[in-house]
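Q: Got a structure here, written out as structure tokens. Questions coming.
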Amino acid sequence: MRVFKFGGASVKDAEGVKNVVRVLSETGHQNTVVVLSAMGKTTNALEEVVAAYFDSPETYRSLLHEVEVFHQNIINELFEGRNNPISKEVKNLFEQCDAFLVTNRSPHAAFVYDQVVSFGELVSTTIVCAYLNHAGIATEWIDARSCIKTDNFYRSAHLDWDQTQTAIQNQLRGTILKVTQGFIGSDENNFTTTLGREGSDYSAAILAYCLGATDVTIWKDVQGVLNADPRVFDDTQLLHHISYQEAIELAFYGASVIHPKTLQPLQRKEIPLFVKSFLDPKASGTQVGKGVRMHPQVPCYIVKRGLSLLRLSTRDFSFVVEDNISEIFRMLHDQKMSVDLIQNSAISFSVCVNDKYNNMEALLHSLRARFDVEHTSEVSLYTIRHFESDSANGLLKTHNLLLEQRTQTTLQMVMK
Ligand code: ADP
Ligand code: ASP
Ligand code: MG
């Protein structure tokens, strides 16, 4: 078995869906599972539906309707002519989503989020599966919720590997092409769960692990893994080969081309991962696997934006040591801050955090009860793996350096 993952960018419009057929015709489609994300920016749009449902309920319906119109337009373009059965099937899915919201009594936002946002993947796979069949590629639609079993930590569910392994082996049989949803699963009560934003790469890795797949290919709008995000940096270079460990490091520091959780399951079974361009399927792209750490060996740049830098100091010049550090971490944990970098000296402690859940005010309130706190918002964290002496020169010319940390292989700079 092979596992292919197509992300939102690859199916952002009718042309994209047609291109999936082109890719599968070139690569062959027997013994293949396709893991698919929601189309284009659908997940963001559905997040807005959920936000509206809680904040201004009278507006959520029109937002949901816009998401449906976006998909119906793609269907019309793909199948030429209205009133085809897929159009009805997709209408039904949106009605189910609305019916959930109308009858829902749960105030638990993360639960509601998963029940609603998962429709992005359900709809995209319904459309793509129908189009593949229409184009002459026999395809079976698989409901990922019957295979990917998780706990009920909504929005960031954890996998139950044993149950998932059994379910996948029971349900993904035969040589015919299968299409299933990335990002979604279900809990023990069969409520839908999601694996965290950008989680479809991880879904592909889970399926590959449980199937003992020969390889995984993530199809992208770039040639492969580059040494920097081409949206941010000029003159990027393609990395032809990187080790699992290097890929894990790049993903961990925030290279958004691969979801960080994707690599561990693949490494455990030594399943190679290819990252390739869906516009040039014959090109070799990047291979992530055993062996050579990185070829070519070049500095890699990763940027995380929209972070906050906090500098804490003790009021009485007492040392920042174990007891106050553990207290600081407890406060960060309580406010669900994800910590990207820390640095401490005798009487001060700096931490660069990502405030994903808008809890900065609450955090500052509890920190200020104990420390003097300097807060700088909207900072960027630049990480340069395998840096050379002049690697940061360009950045230093255009940015203000607030904090720097280096190990033998990695230079990190918080900049504004
Ligand atoms: P998907 O459709 O699979 O969700 P994404 O848009 O999430 O795709 O990821 C592809 C984008 O990731 C590329 O267009 C590119 O801008 C960005 N990216 C960030 N870092 C890298 C990198 N190191 N190499 C290649 N692409 C990168
Ligand atoms: N559709 C989801 C998201 O946009 C999952 C994914 O694309 O990986 O986050
Ligand atoms: Mg993505």
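Q: Here are the criteria: (1) in a strand (DSSP E or B); (2) over 29 Å from the mean Cα position of the chain (by Cα). Tell me which single one Val353 does not satisfy.
A: Val353 satisfies every listed condition except (2).
Q: Quick one: which of Ser366, Ser348, Ser377 is farther than 18 Å from Met337 by Cα, polar (S, T, N, Q) and surrounded by fewer than 21 Cβ atoms within 10 Å (Cβ to Cβ)?
A: Matching residue, one of Ser366, Ser348, Ser377: Ser348.
Q: From the list Val112, Val67, Val116, Val90, which residue is under 21 Å from Val34 (Cα atoms), of a type in the set (A, V, I, L, M) and modelled with pLDDT of 95 or more?
A: From the options Val112, Val67, Val116, Val90, the qualifying one is Val90.
Q: Being within 16 Å of ligand 3 (Cβ to nearest atom) and closer than 27 Å to Ile137 by Cα is the requirement here; does Val11 meet it?
A: Here the answer is yes, as Val11 does meet what is asked.
Q: Any residue in region 28-44 that is charged (D, E, K, R), within 17 Å of Phe111 (Cα to Cα), within 15 Å of ligand 2 (Cβ to nearest atom) and under 19 Å from the mean Cα position of the chain (by Cα)?
A: Looking through region 28-44, none of the residues is charged (D, E, K, R), within 17 Å of Phe111 (Cα to Cα), within 15 Å of ligand 2 (Cβ to nearest atom) and under 19 Å from the mean Cα position of the chain (by Cα).
Q: Same structure again: Being closer than 14 Å to Thr125 by Cα, of a type outside the set (A, V, I, L, M, F, W, C) and either surrounded by fewer than 23 Cβ atoms within 10 Å (Cβ to Cβ) or more than 16 Å from ligand 3 (Cβ to nearest atom) (or both) is the filter here; which residues of region 170-183 pass it?
A: Residues satisfying the conditions are Lys178, Thr180.
Q: Another one. Where residues in region 184-204 are among the polar types (S, T, N, Q) and away from ligand 3 (no atom under 15 Å from the Cβ), which of them is farthest from the chain's Cα centre (by Cα)?
A: For region 184-204, the residue satisfying everything is Asn189.
Q: Restricting attention to region 313-344, which residues are within 18 Å of Leu381 (Cβ to Cβ) and not in a loop (DSSP other than H, G, I, E, B)?
A: Leu332, Ser338, Val339, Asp340, Leu341, Ile342, Gln343, Asn344
Q: I've got another one for you. Quick test for you: out of Arg370, Arg385, pick the one residue that is closer than 30 Å to Asn227 by Cα, in contact (Cβ under 8 Å) with a residue 40 or more places away in the chain and of a type in the set (Lys, Arg).
A: The conditions single out Arg385.
Q: If only one of Leu250, Leu207 is buried (at least 20 other Cβ atoms within 10 Å of the Cβ) and more than 16 Å from ligand 2 (Cβ to nearest atom), which one is it?
A: Checking each option against the conditions leaves just Leu250.
Q: If we scan region 405-416, do we find a residue that is within 23 Å of Thr314 (Cβ to Cβ) and at pLDDT 95 or above?
A: Looking through region 405-416, at least one residue is within 23 Å of Thr314 (Cβ to Cβ) and at pLDDT 95 or above.
Q: Which numbered condition trips up Ala138, out of (1) hydrophobic (A, V, I, L, M, F, W, C); (2) under 17 Å from Ala205 (Cβ atoms); (3) at pLDDT 95 or above?
A: It is condition (2) that Ala138 fails.
Q: Can I ask one more? Which number in (1) closer than 30 Å to Leu226 by Cβ; (2) modelled with pLDDT of 90 or more; (3) surrounded by 12 or more Cβ atoms within 10 Å (Cβ to Cβ); (4) not basic (Lys, Arg) marks the one condition that Val292 misses?
A: Failed condition: (2).
Q: Next question. Quickly run through region 27-73 and pick out the residues that are over 25 Å from Arg145 (Cα atoms), touching a residue at least 60 places away in the same chain (Cβ under 8 Å) and in contact with a helix residue (DSSP H, G or I) (Cβ under 9 Å, 6 or more places away or on another chain).
A: none
Q: Let me ask another. Does region 61-79 contain at least one residue that is under 26 Å from His108 (Cβ atoms), surrounded by 18 or more Cβ atoms within 10 Å (Cβ to Cβ) and within 16 Å of ligand 2 (Cβ to nearest atom)?
A: Yes, that holds for at least one residue.
Q: When you scan region 187-199, do you find a residue that is aromatic (Phe, Trp, Tyr) and within 23 Å of Leu132 (Cα to Cα), even just one?
A: no
Q: Moving to a separate point now. Of the residues in region 131-187, how many are in a helix (DSSP H, G or I), farther than 24 Å from Trp219 by Cα and of a type in the set (S, T, N, Q)?
A: 8
Q: Considering only helices (runs of 4 or more DSSP H) fully contained in region 193-283, which possess at least 1 residues that are over 25 Å from Ser25 (Cα atoms), among the small types (Gly, Ala, Ser) and within 13 Å of ligand 1 (Cβ to nearest atom)?
A: Answer list for region 193-283: 244-253.
Q: Name the residue, out of Val112, Val117, that is farther than 27 Å from Leu24 by Cα, within 16 Å of ligand 1 (Cβ to nearest atom) and buried (at least 16 other Cβ atoms within 10 Å of the Cβ).
A: The unique qualifying residue is Val117.
Q: Give just the number: which of (1) within 30 Å of Thr214 (Cα to Cα); (2) within 16 Å of ligand 1 (Cβ to nearest atom) does Asn44 not satisfy?
A: The failed condition is (1).
The values are calculated or read from the model by the stated rules, or taken from the named source; none is laboratory data. For clarity, every value in this text was computed on a predicted model and none was experimentally measured. A quick note on method: Cβ atoms are made from the backbone with ideal geometry, for glycine too, and the neighbour counts reach across all protein chains shown.
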